[in-house]
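Remarks on the structure that follows.
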Amino acid sequence: MTKSAQHNTTPQYPTLFRRLAAWFYDALVVAAILMLAGGIAMALIALLLHFDILDISGHEDVSAYLTLHPLASSIYTGYLAAVIIGFYTYFWTHGGQTLGMRAWKLKLQNKDGSSLTTTQALIRATTSAFGLGNFMAFNTKRRALQDVMAECEMIVTKDVR
């Protein structure tokens, strides 16, 4: 195999800057999705209030109810966490790229090039520490903590022109 052919098959691993830039881009997308999810929750509560199924007396408004009521707060927090995890799990298992990763030409894959499984995506999401695991990507393949735990790798995709 020639040196240039060997170079083409060797994956390029992303820098910390590139990882963080994609993370920031995705954080903006997730914030927008959470606003939509919050709106859906508010609409559902409005329906429950309208049909007298729910009583929020003792709370100033729906927002106070969702943040201060012990059960409602737990359900709402779990719902928003499921939305976030669902976002990442879907994109990581369907093509290996979130919108931020696509913009910064990054891709998640298994070492053989296959897509992550749902289990791997869930492991990666729960071990990422909200992106702080990226700061541990200093090994030779620049694998972050979440990549090591999920047994996957992040690569830089080829620039298609």
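Exactly one condition in (1) open to solvent by 80 Å² or more (accessible area, probe 1.4 Å); (2) under 25 Å from Phe135 (Cα atoms); (3) free of Cβ contacts under 8 Å to residues at least 60 places away in the same chain is not met by Gln12; state its number.
Of the numbered conditions (1) open to solvent by 80 Å² or more (accessible area, probe 1.4 Å); (2) under 25 Å from Phe135 (Cα atoms); (3) free of Cβ contacts under 8 Å to residues at least 60 places away in the same chain, the odd one out for Gln12 is (3).
Of the numbered conditions (1) closer than 16 Å to Leu16 by Cβ; (2) at pLDDT 90 or above; (3) among the hydroxyl-bearing types (Ser, Thr, Tyr), Thr119 satisfies every one except a single condition; which is it?
Result: Thr119 fails condition (1) only.
With the checklist (1) closer than 25 Å to Gln146 by Cβ; (2) open to solvent by 50 Å² or more (accessible area, probe 1.4 Å) in hand, flag the one item Ala46 doesn't pass.
It fails just one condition, (1).
With the checklist (1) within 20 Å of Arg143 (Cβ to Cβ); (2) in a loop (DSSP other than H, G, I, E, B) in hand, flag the one item Arg18 doesn't pass.
That leaves (2) as the condition not met.
Suppose we filter region 63-78 for residues that are open to solvent by less than 30 Å² (accessible area, probe 1.4 Å) and within 12 Å of Gly38 (Cα to Cα); how many remain?
1
Within region 85-96, which residues are surrounded by fewer than 18 Cβ atoms within 10 Å (Cβ to Cβ) and either closer than 17 Å to Leu28 by Cβ or more than 8 Å from the chain's Cα centre (by Cα) (or both)?
Tyr90, Thr93, His94, Gly95
Between Tyr25, Tyr13, which is aromatic (Phe, Trp, Tyr) and at pLDDT 95 or above?
Sole residue among the options that is aromatic (Phe, Trp, Tyr) and at pLDDT 95 or above: Tyr25.
Looking at region 109-142 only, could you name the residues that are surrounded by 13 or more Cβ atoms within 10 Å (Cβ to Cβ) and either touching a His at 6+ places or on another chain (Cβ under 6 Å) or touching a residue at least 40 places away in the same chain (Cβ under 8 Å) (or both)?
Listed by number, the residues that qualify are Gln109, Asn110, Ala125, Gly131, Asn134, Phe135, Ala137, Lys141, Arg142.
Filter region 65-124 for residues that are in contact with a strand residue (DSSP E or B) (Cβ under 8 Å, 6 or more places away or on another chain) and of a type in the set (S, T, N, Q) and give the result.
Once the filter is applied, which keeps residues that are in contact with a strand residue (DSSP E or B) (Cβ under 8 Å, 6 or more places away or on another chain) and of a type in the set (S, T, N, Q), region 65-124 yields Gln97, Gln109, Asn110, Ser115.
Return the only residue of Asp52, Asp61 being out of contact with any Ser or Thr (no Cβ under 8 Å at 6 or more places or on another chain) and modelled with pLDDT under 95.
Asp61 is the lone residue from the list that is out of contact with any Ser or Thr (no Cβ under 8 Å at 6 or more places or on another chain) and modelled with pLDDT under 95.
The values are calculated or read from the model by the stated rules, or taken from the named source; none is laboratory data. The structure presented is a predicted model; accordingly, all values stated were derived computationally and were not measured. For neighbour counting, all protein chains shown are included, and Cβ atoms are generated from backbone atoms with ideal geometry for every residue, glycine included. Heads up: the accessible areas ignore ligands, DNA and RNA and are worked out on the full protein's heavy atoms, side chains in. Shrake-Rupley method; radii C 1.70, N 1.55, O 1.52, S 1.80 Å.
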